[in-house]
């Protein structure tokens, strides 16, 4: 769907809720990430949020509290947790939790900053997403895999410039 300026307000509300859930001295930051954070490009209405922790091991303690607030744990990896909110066919939030200074946390922040400061690259990304959505309308894994080379290339470029 076309970019919706309300996404920023939705993020603010969701971020405030997450801040309450994860309150304490371990929370390092909460960031709006993904296509809903890139003005002017089309996106699925799926809010991307990154929560960074000072101590990722302690952040694993947020699992039960997040679960009690509608977040479903989808991935539990060594460097990150991935939660979603909403039913499988209509997820509203994709929440990533990672160590504050990790590459896993740094990558989406670099990607978003680069796209926000390079609108022509954001448009290329939008066109790729449209093409992949048409090619894989019912296969989220192939859709996501199709975006990976572009995303990695942008991150590599973003690492070379100061944003």
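Where a number appears in this text, it was derived from the coordinates with a stated rule and is not lab data. Source: prediction; values computed, not measured. Note that we place each Cβ from the backbone using ideal geometry, even for glycine, and neighbour counts take in every protein chain shown.
Observations on the structure shown:
- DSSP bridge orientation in the stretch 2-146 - percent antiparallel, rounded to nearest 5: 70 percent
- Cα centroids of the stretch 1-75 and the stretch 78-155: 14 Å apart.
- For the chain, the mean residue ellipticity at 222 nm estimated from helices alone is -15500 deg cm²/dmol, where every DSSP H run of n ≥ 4 contributes -39500 (n - 2.57) and the total is divided by all residues, rounded to the nearest 500.
- Over the chain, relative contact order from alpha-carbon pairs under 8 Å, at least 6 apart, %: 18 percent
- In the chain, the longest principal axis of the Cα atoms and the axis of helix 119-135 are about 90 degrees apart.
- Over the stretch 76-163, relative contact order from alpha-carbon pairs under 8 Å, at least 6 apart, %: 22 percent
- Take the Cα of residue 72, step 7 Å toward its Cβ, do the same at residue 44, and the gap between the two points is 1.3 nm.
- Both radii come from the Cα set of the chain: Rg as radius of gyration, Rh as Kirkwood radius; their ratio Rg/Rh reads 0.95.
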